[in-house]
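Below is one structure, written out as structure tokens, with a few remarks after it.
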Amino acid sequence: MSFKDQIAFVRQHIRRNRLRVFMTVLAATMGTAFLIVLASVGFGLQKTIKDDILSNQMVTQIEVYSEEMTDAKADAMKEIDHVEAVVHRKQLVPAAIGELEAYKGHLNTYFTNFKDEQASGFRLAEGRFPEKPGEVIVGSQFAAQLIAESVEVKEGEEPASYDGSVIGQTFTFSFEGENDETASGTWPFTIVGVKEAPGKDWAFDGYLYLDESFMKEIESAYVAASPDLDEQEDMPFTNSSVNVYADDLANVKAITQKLKDDGYAVYSVSEEIEQIDVFFLALKAGLIFVGTIAILIASIGIFNTMTMAVTERTREIGVMKALGAGPKLIQRLFLMESAWIGLVGTVIAVVISYGVSFAANAILPIIVDAALGGETGDSFEVTFSVIPWQLVLIASAISLTVAMISGWRPARKATKTDVIGALRHEL
Amino acid sequence: MIEVKGLSHSFRVGKKGKETEVPVLKELALKARDGEIVSIVGRSGSGKSTLLHILAGFLQPDAGRVLVDGTDLTAMGEAQRAAFRLDRFGFVFQNFQLMPGLTAFENIELPLTLKGVPASERKRKVEELMESVGLTGIRGHYPNELSGGQQQRVGIARALVTEPPVIFADEPTGSLDSETEQDILNLILSLNRKYGITFVIITHDDEVAAIANRQYRMHDGELAEGGIRHVV
């Protein structure tokens, strides 16, 4: 019997039992859709958390810590494959003071190479990068640190800080020597750029960014202002951070591993994401397991339908066997029928699941927002449900396998139908 | 040619553990030459249906051999016997045994479909056959829309469609009135003459048995040859 005729034969049987087959398909659909939607919540939450992490930091950034960091070591990191840039920032240890008009404040100062910073994705909210000596960049909250000292502050009030645009402003920079009393001298700096605000709302960036070419000048001023200085130990700079930037997120893991192998203490987002992935893999496996139970319940329906079909068609099976249909063909015809139920159920379930997923993502945030009295704010972006193609594949495989297994026994029963008994069977 | 040698069969009846053996066929021997109509006549319970089931390969005997053109049917497995039936045998049943969900055309077509014959060839053959057995105009009718005589004609056409050398008929006129019975017997006779098909007919009716060239009478599981005659 050709495959096409087998399909026609199965379809003819299905047509004759429309209602029962429909109910069975419905059960298979519900089971499979339940599995997909349930697991999609796991995928959705994983996406939400991952996106949250990725939006809050430079995903290609790898932070490197070492007690004995040197420029040479930092430069050597540039040679690692897929490293786009290495930024080696040094922080000024002594407290620095900035004065702009009547405003004054303590400053945290970084020395860095702006070329490397640019290559790493250091972005300006406004202005430009320094081109001449004396030009600097400041953090987005730089102005907030400059306080008007002359204005008296009443109890319970915040002191007034500089609130104008800082671009183009020139302020006086100074710091103290080791014994805190001797002034090191003063430098006029012109602000030519303001760094983009950090992604995290709570992160503070009031830093002053100076080109590393200033370091020598600052260092000699510091030494001059600190007569008791032990030059070997008490240098005015710390190797506060080295950040390595990969050319692509996919390469972060390999670079992280290479740096670890070289003996550095390393942190990158890939580490965090890896941990999250492990957690969510377990969660998703659990959800798929629970969903599979729903499919197994549906399989009882398929088993029932197929057993009924075999019993009802005993005489027909007998006639077919009498005419010369082999046991394998009989078995295949019944297996095809249960596979058809599983297949149609799966296809409908996939379509429904995408609909439910879309609706959940559209409606649930509104409901949650309303339930919380509209306090979630604009940053409340939760993806409740995501259905990747892998989930569709897994659910389809489970559904079809279960359908075939539940059709297996009835199909075997059909092949064992006794021809003589079947021919005597009354309809 | 069909040749049966030393065929014995018994059924086990009663509760499990307390079964008793009831012999149904006792050392039978039978012959059906190519192109003959062979009838096996007997009362109900004489074992004639069991004999037919063994001849057709539905049932494996306890002892003895069934040779069809020298091939031993009793030595085959179930799947082999099914394939052999599809290739060599046609069947006509007392209660027609048509598929209720298939039209007359589709019922006749079924053995060809099982054989994997292409649809266009099936169509041609079935149409030809329907014409020759007098089944014009009922192509799309379902079995429950046909008279007994028409259903049996469909049954006979289904048995004929694969052009088998042998057709087994189990009480082919058992469910028909006498006038229709005569029509069906005439059809069997004409097909036998036209195509040289061997018919093995099981019946309790002497009138039906009378059309056979070779008659066997069955009594209590034993077979006696009742003579050979030539029907004019």
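Local charge sum around A:Glu312 (other residues, Cβ-Cβ under 11 Å, Lys/Arg +1, Asp/Glu -1)? Before the final figure, lay out the partial values.
Values: positive: A:Arg16, A:Arg20, A:Arg313, A:Arg315; negative: A:Glu316.
With Lys, Arg at +1 and Asp, Glu at -1, the neighbours total +3.
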Label A:Val93 and A:Ala285 with points 7 Å out from Cα along Cα→Cβ: what is the distance between them in nm?
5.1
Note to self: C-alpha centroids of segment B:9-61 and segment A:41-99 sit apart, in Å, by 91
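About the Cα centre of the protein assembly as shown, how large is the charge dipole given +1 on each Lys and Arg Cβ and -1 on each Asp and Glu Cβ? Please answer in debye to the nearest 20.
The calculated dipole for the protein assembly as shown is roughly 8020 debye.
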Expressed in nanometres to one decimal, the distance between label points 7 Å along Cα→Cβ at A:Thr190 and B:Ser120 is 9.1
Using a Förster distance of 51 Å, the FRET efficiency for A:Ser220-A:Ala197 (Cβ separation, nearest 0.05):
0.90
Using a Gaussian network model of chain A whose springs link C-alpha atoms within less than 10 Å, name the residue from A:Ser120, A:Ser165, A:Ser213 with the highest mean-square fluctuation.
A:Ser165
Output wanted: per-residue J couplings in Hz (rounded whole) for segment A:324-329, from phi through Karplus 6.51 cos²θ - 1.76 cosθ + 1.60, θ = phi - 60°, x for Gly and Pro.
x, 7, x, x, 5, 5
The long-range amide H neighbours of B:Gly226, using H built 1.01 Å from N in the peptide plane and a cut-off of under 5 Å, are B:Gln215, B:Tyr216, B:Arg217
Here segment B:59-76 yields Karplus 3J(HN,Hα) values (6.51, -1.76, 1.60; θ = phi - 60°; whole Hz; Gly and Pro given as x) of 9, 9, x, 5, 8, x, 10, 10, 9, 10, 6, x, 8, 7, 5, 6, 8, 8
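Determine Rg/Rh for the protein assembly as shown; Rg is computed over alpha-carbon atoms and Rh is the Kirkwood hydrodynamic estimate from the same atoms. Before the final figure, lay out each step's value.
Working: Rg = 46.2 Å, Rh = 33.6 Å.
Taking Rg over the Kirkwood Rh, I get 1.37.
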Please list, by residue number, every one of the trypsin sites (Lys or Arg not before Pro) in segment B:142-232 that is coil in DSSP and has at most 14 other beta-carbon atoms within 10 Å.
B:Arg229
State the Kirkwood hydrodynamic radius of segment A:63-247 in Å, one decimal place, computed from all pairs of distinct Cα atoms.
17.7
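Relative contact order for chain A: what percent, with Cα pairs under 8 Å and sequence separation of 6 or more?
On the way: 699 pairs, mean separation 122.0, N = 427.
Over chain A, the number comes to 29 percent.
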Taking loop as defined by DSSP and a crowding limit of 13 other beta carbons within 10 Å, which chymotrypsin sites (Phe, Trp or Tyr not before Pro) in segment A:303-384 fit?
A:Phe380
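Would you please name the GluC sites (Glu not before Pro) within segment A:70-125 that are DSSP coil residues with at most 14 other C-beta atoms within 10 Å of their C-beta?
Values: sites: A:Glu79, A:Glu84, A:Glu99, A:Glu101, A:Glu117; in loops: A:Glu79, A:Glu101.
For GluC sites (Glu not before Pro) across segment A:70-125 that sit outside H, G, I, E and B with at most 14 neighbouring Cβ atoms in 10 Å, the list reads A:Glu79, A:Glu101.
Which value, in Å to one decimal place, does the Kirkwood hydrodynamic radius take for segment A:248-344 when every pair of different Cα atoms is included? Before the final figure, lay out the partial values.
Numbers: mean 1/r = 0.0537 Å⁻¹.
Kirkwood radius, segment A:248-344: 18.6 Å.
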Selection from B:Ala119, B:Ile54, B:Ile2 lying farthest towards where the dipole of segment B:1-130 points positive, charges on Cβ:
B:Ile54
When the helix-only estimate is applied to chain A (DSSP H runs of n ≥ 4, each -39,500 (n - 2.57), divided by the residue count), what is the mean residue ellipticity at 222 nm, nearest 500 deg cm²/dmol?
-18000 deg cm²/dmol
Taking R0 as 60 Å, what's the FRET efficiency between B:Glu163 and A:Glu79 from their Cβ-Cβ distance, rounded to 0.05?
0.10
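For segment A:6-103, state the semi-axes of the equivalent ellipsoid (square roots of 5 times the eigenvalues of the alpha-carbon gyration tensor), sorted largest first and rounded to whole angstrom.
Values: eigenvalues 868, 90, 22 Å².
Computed over segment A:6-103, the values are 66, 21, 11 Å.
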With N residues in chain B, what two-decimal value do you get for its Cα radius of gyration over 2.2 N^0.38 Å?
1.03
Dipole of chain B, Cα-centred, from +1 at each Lys and Arg C-beta and -1 at each Asp and Glu C-beta, to the nearest 20 debye?
520
When Lys and Arg each count +1 and Asp and Glu each count -1, what net charge do the other residues less than 15 Å away from A:Lys50, Cβ to Cβ, add up to?
-4
Hypothetical label at B:Arg65: residues of segment B:1-24 whose amide nitrogen lies under 13 Å (7 Å Cα-Cβ projection)
B:3-7
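Counting alpha carbon pairs within less than 8 Å and at least 6 residues apart, what relative contact order, in whole percent, applies to segment A:63-247? Kindly include the intermediate steps, with their values, before the conclusion.
On the way: 378 pairs, mean separation 63.1, N = 185.
Normalised by residue count, the contact order of segment A:63-247 is 34 percent.
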Rank B:Gly70, B:Leu135, B:Thr180 by how far each Cα sits towards the positive end of the charge dipole of chain B (+1 on Lys, Arg Cβ; -1 on Asp, Glu Cβ) and give me just the farthest.
B:Gly70
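Could you work out the relative contact order of chain B, using alpha carbon pairs under 8 angstrom and six or more residues apart, expressed as a whole percent?
Numbers: 434 pairs, mean separation 68.7, N = 232.
About 30 percent, as a whole number.
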Could you tell me the calculated FRET efficiency between A:Asp262 and B:Ala29, based on Cβ-Cβ distance and R0 = 60 angstrom, to the nearest 0.05?
0.05
Write down the percent of antiparallel bridges among all DSSP beta bridges whose residues are both part of the protein assembly as shown, to the nearest 5.
70
Under 5 Å, built H, 5+ apart or other chain: amide partners of A:Glu84:
A:Tyr245, A:Ala246, A:Asp247
Amide H neighbours of A:Ala96 at under 5 Å, excluding residues fewer than 5 places away on the same chain, with H built from the backbone geometry, are A:Leu107
Just list whichever of A:Lys416/B:Lys31; A:Lys78/A:Lys115; A:Lys260/A:Lys284; A:Lys321/B:Lys16; A:Lys4/B:Lys115; A:Lys73/A:Lys253 have alpha carbons separated by over 23 Å in the model shown.
A:Lys416/B:Lys31; A:Lys260/A:Lys284; A:Lys321/B:Lys16
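Order of A:Trp389, A:Trp187 from fewest to most other C-beta atoms within 10 Å?
Working: A:Trp389 7, A:Trp187 19.
Ordered from fewest to most neighbouring Cβ atoms within 10 Å, A:Trp389, A:Trp187 come out as A:Trp389, A:Trp187.
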Cα→Cβ-extended label distance, 7 Å offset, between A:Gln275 and A:Asp418, nm
6.9
Hz values of 3J(HN,Hα) by residue in segment A:297-310 - Karplus curve (6.51, -1.76, 1.60), Gly and Pro given as x
4, 4, 5, 4, x, 4, 4, 4, 4, 5, 5, 4, 4, 5
Let me spell out the model: positive unit charges on the Cβ of Lys and Arg, negative unit charges on the Cβ of Asp and Glu, origin at the Cα centre of segment A:63-247. What dipole size does that give, in debye rounded to 20?
700
Can you check what the net charge comes to around B:Gly42, using other residues whose Cβ is under 14 Å from the Cβ of B:Gly42 (Lys, Arg +1; Asp, Glu -1)?
-3
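We did not get these values from a lab; they are worked out from the coordinates using the rules stated. None of these values were measured; they are calculated from a predicted model. Here Cβ is always computed from backbone atoms with ideal geometry, including for glycine, and neighbour counts include all displayed protein chains.
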